[in-house]
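Q: One structure is given below, represented as C-alpha cells, and several questions about it will come after.
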Amino acid sequence: MKGFLAFPNPVNEKAARVVAGVVLAISVVILATGAHWLLIPLAYGFWARLLTGPTLSPLGWTAQNVIAPALGPKTPVPGPPKRFAQGMGAIFSTTALVLALVAGDDTAADVVLALLVVAAGLESIFGYCLGCKVFGLLMRVGLIPESVCAECADISARLSTAR
C-alpha cells in the first residue's frame, strides 16, 4: 500500500509541465464554455496525483510515461514541492467544483478557476511553479520542516550546477 500511495521524488519537470498544460487547457475550456461538469475530472486528477503520483491519474501516467520521454532526457526536480502544488490544485479545483455544481455559483467558481489558470499557465509556459514557491516560503518560515525536502533546503547542488 505504501508504494501505491507514493509520490515520485524526484519528479520529471517535463512531465509536470505537460500536466500543467493540460490543466490550463481544460480550465480555459471551462471558463470559455461554462462546462463546469469538467471540474469533476479536473479535481479527480489533482487528488489522484496528490495521493498516488501518476499511478491513478491517466493524465499523470501519460505525461510521465509517454509524452515526457518523447521530449528528451528527464529534468529531475524535488518531488515534495510538486506534491504540495498538486495539493493546491486539488483545493482550488474542488472549491470551484463545489461552488459551481453544489452551490450553483458559477461566478465564484470561475474566479477560483481563473487563479488555477494563472498557476497552470505559469508552470506550463514558463516553468514557474507557484505552488513550489509557496512550499519554499513555508519552509523558510518553519511551517514545513527542512526534513520534508532535504534537496530544497540544501541549495549547494543548485549553486554548483549554475556555475
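Q: So which pairs qualify, if the first residue must be in the stretch 106-125 and farther than 14 Å from S93 by Cβ, the second must be aromatic (F, W, Y), the Cβ gap must be under 6 Å, and the two must be at least 6 apart or on different chains?
A: L122/Y128
Q: Next question. Looking at A96, A68, A63, A85 in this structure, which one is closer than 24 Å to F135 by Cβ and in contact with a Lys or Arg (Cβ under 6 Å, 6 or more places away or on another chain)?
A: Going through A96, A68, A63, A85 in turn, just one is closer than 24 Å to F135 by Cβ and in contact with a Lys or Arg (Cβ under 6 Å, 6 or more places away or on another chain): A68.
Q: Still on this model: Consider the stretch 19-66. How many of its residues are touching a helix residue (DSSP H, G or I) at 6+ places or on another chain (Cβ under 6 Å) and farther than 20 Å from G104 by Cβ?
A: Adding up the residues that qualify gives 19.
Q: Residue by residue through the stretch 1-19, note down the ones that are assigned to a helix (DSSP H, G or I) and either more than 19 Å from P81 (Cβ to Cβ) or touching a Cys at 6+ places or on another chain (Cβ under 8 Å) (or both).
A: Within the stretch 1-19, A16 is the sole residue that qualifies.
Q: If you don't mind, another one. Is it the case that the stretch 47-55 has a residue that's in a helix (DSSP H, G or I), surrounded by 15 or more Cβ atoms within 10 Å (Cβ to Cβ), modelled with pLDDT of 95 or more and among the hydroxyl-bearing types (S, T, Y)?
A: So far as the stretch 47-55 goes, no, none of its residues is in a helix (DSSP H, G or I), surrounded by 15 or more Cβ atoms within 10 Å (Cβ to Cβ), modelled with pLDDT of 95 or more and among the hydroxyl-bearing types (S, T, Y).
Q: Against the definition (open to solvent by 70 Å² or more (accessible area, probe 1.4 Å), closer than 25 Å to L137 by Cβ and either in contact with an Asp or Glu (Cβ under 6 Å, 6 or more places away or on another chain) or at pLDDT 95 or above (or both)), how does I91 come out, yes or no?
A: Judged against the criteria, I91 is a match.
Q: Hey, another quick one. Looking at P73, is it more than 14 Å from the chain's Cα centre (by Cα) and closer than 25 Å to K133 by Cα?
A: So P73 fits the description; yes.
Q: Checking the conditions here, which among L39, L59 is surrounded by 17 or more Cβ atoms within 10 Å (Cβ to Cβ) and farther than 20 Å from P81 by Cα?
A: None of the others qualify; the one that does is L39.
Q: Consider S147 against the criteria (1) more than 12 Å from the chain's Cα centre (by Cα); (2) part of a helix (DSSP H, G or I); (3) of a type in the set (S, T, Y); (4) within 30 Å of L31 (Cα to Cα): it satisfies all of them except one. Which criterion is unmet?
A: (4)
Q: Something else now. Give the residues of the stretch 82-131 that are under 12 Å from the mean Cα position of the chain (by Cα) and on the phi > 0 side of the Ramachandran plot, sorted by residue number.
A: Residue satisfying the conditions is G127 alone.
Q: Does P73 satisfy being touching a helix residue (DSSP H, G or I) at 6+ places or on another chain (Cβ under 7 Å), closer than 26 Å to C149 by Cβ and open to solvent by 20 Å² or more (accessible area, probe 1.4 Å)?
A: no
The values are calculated or read from the model by the stated rules, or taken from the named source; none is laboratory data. On a predicted model such as this, the values are computed, not experimentally measured, just so you know. FYI the Cβ positions are ideal-geometry reconstructions off the backbone, even for glycines, and counts take in every protein chain you see. Accessible surface areas use protein heavy atoms only, side chains included; no ligands, DNA or RNA. Shrake-Rupley method; radii C 1.70, N 1.55, O 1.52, S 1.80 Å.
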